[in-house]
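Report on one structure; see the data block that follows.
The values are calculated or read from the model by the stated rules, or taken from the named source; none is laboratory data. Small disclaimer: the values here were computed from a predicted structure and weren't measured. Cβ coordinates were reconstructed from backbone atoms using ideal geometry, including for glycine residues, and neighbour counts include every protein chain displayed. To get the accessible areas, we keep the full protein, side chains included, count just its heavy atoms, and leave off ligands, DNA and RNA. Shrake-Rupley method; radii C 1.70, N 1.55, O 1.52, S 1.80 Å.
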Amino acid sequence: MARLRFLTAGESHGKCLSAIIEGMPSGIPLDEGEMNHDMARRQMGYGRGGRMKIEHDTMEIVSGVRFGETIGGPITIIVKNRDHGNWGAKMATFGEPPDDLARVTAARPGHADLAGIEKYDRSDIRDILERSSARETAMRVAVGAVAKQFLSRCGITVASHVTNIGGVSIDRAKVKVSDINGTSSELNCYDKDAEERMKEKIRAAKEAGDTLGGVFEVVARGVPVGLGSHAEYDRRLDARLAGAMMSIQAIKGVEIGDGFLYADMLGSEAHDEIYYEDGRVTRRTNHAGGIEGGMSNGETLVVRAAMKPIPTLMQPLHSIDVATREPVLASKERSDVCAVSAASVVGEAMTAFVIADALLEKFGGDTLGDVLSSIASYKERLKRNGFK
Ligand code: EPS
């Protein structure tokens, strides 16, 4: 069923991060500049920490692509960690730990530290945090960048924006879903007044040694009717999107379309009435966020995700030392105050990957040409029946 898959590997301060994508058709032209633009967008954002000044994340593709085109084999991508140079012996693959190695033993509430060290029976929380770090999201964006290149050839675009940071929300009357087009500001926010207030909130949190979360929204246009399926739980497009979004570090909630707002509505207010006007099937609303019955319905896809505040606090919370069980304050690592704008770029990437997978499931094909001709003949039928 799932035709596309990927794995990522690498520690935050290891030599490099890597990913392998398997199942991409051959013949997809890849624009290196566009893909690296997404890598840079993930690094931006008011409230990011010192690490982003060290790294200049660029994708190095080492397999599956020749002369700028996919060739059908697994695509391997590497992103080097510049900061590894500062960690050397502390992150060595072999040999003894250096004498001055300071083990991390104060678990951070909200992080993978406590459950991870217990599960994997390690004595240094670093063995857990190096992999649980959101640095891994660099590879999600790299994978998503390849998926986006494929989708753009199929007439599908994916963009995002930040709608809330620490309780400061955009004015929905000012920002329409149709405005979200990929141009980004410092916080990837389309309401300039709200963005200023969000920055103020981040500034205050930083001063207090605290952190902030928020909400972002991903919008996908050009998705044809009928991706996913109502027939089985694991073929439902909404389930696949929700799982993919929830897999992003620090995401604790996902909504499709009106999501939790539905709970307050009457059925007569909630559903998008169907019309047939000038030979076309139309809707006047999109409460469903482009998915009905687990399938795309031809409207714009709208997915929202809520991110919790980053668990590394400069004014640390109460915790325990995992070696002694003594009460301690949680460990402090260099970190971000707020990374919601970065998470929005990661959300785009995961959405692009899920749509690319669903597209291949429906249209198959070993080559981009096969996929495009299959889409074209399907769209002929859709057109006859009044769909876009
Ligand atoms: C991140 C890299 C990390 C953190 C952040 C995201 O780098 P470092 O730990 O060296 O500062 O800045 O990760 C976390 C907030 C976390 O809890 O792991 C990145 O590349 O996005």
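Can you tell me how segment 8-62 classifies by the Cα gyration tensor, rounded, prolate or oblate, using a/c under 1.5 as the rounded cut? Here segment 8-62 falls in the oblate category. Per residue, the average separation of C-alpha pairs within less than 8 Å and at least 6 apart gives segment 234-388 a relative contact order of 24 percent. Treating r as the C-beta distance of Asp99 and Asp121 and R0 as 35 Å, the FRET efficiency rounds to 0.90.
Using a cut-off of 30 Å between Cα atoms, the listed pairs Lys206/Lys252; Lys53/Lys201; Lys53/Lys199; Lys174/Lys388; Lys80/Lys379 include Lys80/Lys379 as exceeding that distance. Largest mean-square fluctuation among Val62, Val354, Val371, in a Gaussian network model of the chain whose springs join Cα atoms under 10 Å apart, belongs to Val62. How much of the accessible area of the chain, probe 1.4 Å, is carbon plus sulfur, in whole percent? Ligands and nucleic acids excluded, carbon and sulfur give 53 percent.
Result for the chain in a Gaussian network model with C-alpha springs under 10 Å: among Val303, Val225, Val345, the largest mean-square fluctuation is at Val225.
Compared with the dominant principal axis of the Cα atoms in the chain, helix 137-153 is inclined by about 20°.
Here Leu261 sits with roughly 100 square angstrom of accessible surface, probe radius 1.4 Å. Computed from Cα positions, the angle between helix 237-246 and the longest principal axis of the chain comes to roughly 20 degrees.
Does segment 339-388 come out rounded, prolate or oblate by the C-alpha gyration tensor, with a ≥ b ≥ c the root eigenvalues, rounded set by a/c under 1.5 and, if not, prolate when a/b is larger than b/c and oblate if not? Oblate shape, in that a/c is at least 1.5 and b/c is the bigger or equal ratio. The angle between the Cα long axis of helix 340-363 and the main principal axis of the chain comes to about 50°, on a 0 to 90 degree scale.
Here the calculated FRET efficiency for Asn181 and Ala376, from their Cβ-Cβ distance with R0 = 22 Å, stands at 0.30, rounded to the nearest 0.05. Ordering Ala115, Tyr276, Gly347 by the projection of their Cα atoms onto the charge dipole of the chain, which places +1 on the Cβ of Lys and Arg and -1 on the Cβ of Asp and Glu, puts Tyr276 at the extreme positive end. Taking each residue as 0.36 nm, the span from Tyr276 to Glu60 lengthens on full extension beyond its C-alpha to C-alpha distance by 72.9 nm. Short-range pairs are left out: with C-alpha atoms under 8 Å and at least six residues apart, the relative contact order of the chain is 23 percent. The listed residues Cys338, Cys16 rank as Cys16, Cys338 when sorted by accessible area, largest first, using a 1.4 Å probe.
Inter-label distance, Arg384 to Lys15: 5.7 nm, where each label sits 7 Å from its Cα along the C-beta direction. Simple point charges give the picture: +1 on the Cβ of Lys and Arg, -1 on the Cβ of Asp and Glu, and for segment 5-384 a dipole about the Cα centre of about 280 debye.
Here the calculated FRET efficiency for Lys252 and Lys53, from their Cβ-Cβ distance with R0 = 30 Å, stands at 0.60, rounded to the nearest 0.05.
Taking a point 7 Å out from the Cα of Met44 in the direction of its Cβ, the residues of segment 330-355 whose backbone N falls within less than 16 Å of it are 339-349. Would you please classify the overall shape of segment 167-323 from the alpha carbon gyration tensor, given that a ≥ b ≥ c denote the square roots of the eigenvalues, rounded means a/c under 1.5, and beyond that prolate means a/b larger than b/c while oblate covers the rest? The shape class here is prolate. Modelled spin labels at Arg5 and Tyr233, positioned 7 Å past Cα toward Cβ, are 2.0 nm from each other. Largest GNM mean-square fluctuation across Ile375, Ile75, Ile310, computed for the chain with C-alpha springs under 10 Å, falls on Ile375. When Tyr276, Tyr233, Tyr378 are compared by accessible surface with a 1.4 Å probe, the order from highest to lowest is Tyr233, Tyr276, Tyr378.
Per-residue extension of 0.36 nm, minus the Cα-Cα distance of Lys192 and Thr285, leaves a gain of 30.9 nm for this segment. For Lys379, the solvent-accessible surface computed with a 1.4 Å probe is close to 70 Å², ligands and nucleic acids excluded. Mean sequence separation of contacting Cα pairs (under 8 Å, at least six apart), scaled by the length of segment 1-120, corresponds to a relative contact order of 27 percent. Over segment 43-122, the hull volume per residue, using the convex hull of the C-alpha atoms, is 209 Å³.
Based on the alpha carbons, how large is the Rg to Rh ratio for the chain when Rh follows Kirkwood?
Reported Rg/Rh (Cα atoms, Kirkwood Rh): 0.99.
Per-residue SASA remark: Glu34, around 100 Å² accessible (1.4 Å probe; ligands, DNA and RNA not included). Computed over the chain, the per-residue total of -39500 (n - 2.57) for DSSP H runs of n ≥ 4 gives a 222 nm mean residue ellipticity of -9500 deg cm²/dmol, rounded to 500.
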